[in-house]
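Right, one structure below, let's go through it.
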Amino acid sequence: MDEDYFEEIDLDDDNLFDENLNLDDLEDLDDEPENKPDPNTRRGKRPKKERVKKEKEKKIKVKRRKKPFSSRTALGLGCIVAALLIFFIIEPLMTGVVGNTRDIARVRTTIYAGQKITEDMIETVQINGGSVPANALIKSGDIVGKFTDAKLVAGDYFMSDKLKDSAFGDGIYMNGLDGTKKIISMTVPDFSAGLSGKIQAGDIITIISASADGSMRGTSYPELKYLKVLAVTLSNGVDGTQNTDGSSALPASITLLVNEVQAQMIAGLNKAGSPHFVLTYRGEEETANQFLEEQDRWFITNNIK
């Protein structure tokens, strides 16, 4: 046999033998004639091909012993599971909101600023108790009849700081225009013409004018029979009849809800006439609106636009 077929091996090499080899297996080798060394092979020699094959088998065994998941992967998964348990179960249980639902009023349809809220604009839904905003109104009875100072859309909650008892406070009436009506201010000429300072927001008034020819009879106008007062304003621009320091004051102007024709007439009277304001009604808004509807019907009947 060719001498080049063999190579020198180091008997002290740790990689030479399979570390998983059992001592009992070594004893069994004596009984297996097929594992006995070839008498033609010199002592201390092993064929090179056989050695390479052994090393490959050893590497395969090492690879098979690798674990499918490392300790870091297991730790990461454990942290994620723990976080989910805390967020969705432990925390709700501690705050007492699991299974705690309650009814709450919510906006059903779009409500515009300055618009009066009615029952059909509200829906009642059940939500998690922990999701109720702190300043949200719960019952529809606390909401119906109020006015909003901002636009609300379906799904919104009724926040107490967005609702007002009257559409005439804080200039809310300015946001309630729909294109069919206009807003105009008229100067209060003197103490008596302005009802001695007693006109209030929400009043229904009639405007008449003193006669220009000096006669004893003034002039009334069917176009200005029923007008709604939106605000009374002091000379410093503050709405109401009190100054910022709390002292009483007479209004310098009144703000009215009008149509196009009424606005033109008021502008003329404000410049050249001598207008007087007559109180027609003060009370429930529903009744006040009946006077305004009567005024609108007059314009429709007489085809005045």
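Computed from the coordinates by the stated procedures, all read-outs in this text should not be read as laboratory data. Nothing here was measured: the structure is a model prediction, and the numbers come from that model. All Cβ positions, even for glycine, are placed from backbone atoms using ideal geometry, and neighbour counts span all protein chains on display.
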Quiz item: From the Cα gyration tensor of the range 101-169, with a ≥ b ≥ c the square roots of its eigenvalues, which class applies: rounded if a/c is under 1.5, or else prolate if a/b is larger than b/c, or else oblate?
Solution: prolate
Practice problem: Please work out the FRET efficiency for the pair Ile80 and Ser248, using the Cβ-Cβ distance as r and a Förster radius of 45 Å; give the result to the nearest 0.05. | Solution: 0.05
Quiz item: Which of the residue pairs Lys198/Lys305; Lys151/Lys305; Lys198/Lys271; Lys271/Lys305; Lys139/Lys228; Lys116/Lys271 have a Cα-Cα distance greater than 28 Å in the structure shown?
Solution: Lys198/Lys305; Lys151/Lys305; Lys139/Lys228; Lys116/Lys271
Quiz item: Where does each of Met216, Met159, Met186 land when they are ranked from fewest to most other beta-carbon atoms within 10 angstrom?
Solution: Met216, Met159, Met186
Quiz item: Which one of Ser235, Thr219, Ile300 has its Cα pushed farthest toward the positive end of the charge dipole of the range 177-301, where Lys and Arg give +1 and Asp and Glu give -1 at the Cβ?
Solution: Thr219
Quiz prompt | Net charge of neighbours whose Cβ lies under 15 Å from the Cβ of Phe291, counting Lys and Arg as +1 and Asp and Glu as -1 | solution = -3
Quiz item: With the calculation restricted to Cα positions, what are the radius of gyration and Dmax of the range 177-301 in angstrom?
Solution: 14.5, 48
Practice problem: Using the number of other C-beta atoms within 10 angstrom as an exposure proxy, rank Val261, Val232, Val153 with the fewest first. | Solution: Val153, Val261, Val232
Quiz item: Once you list every other residue whose beta carbon is under 15 Å from the beta carbon of Asp120, what net charge do they have if Lys and Arg are +1 and Asp and Glu are -1?
Solution: +2
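Considering Cα pairs under 8 angstrom that are at least six residues apart, work out the relative contact order of the range 101-169 and quote it in whole percent.
41 percent
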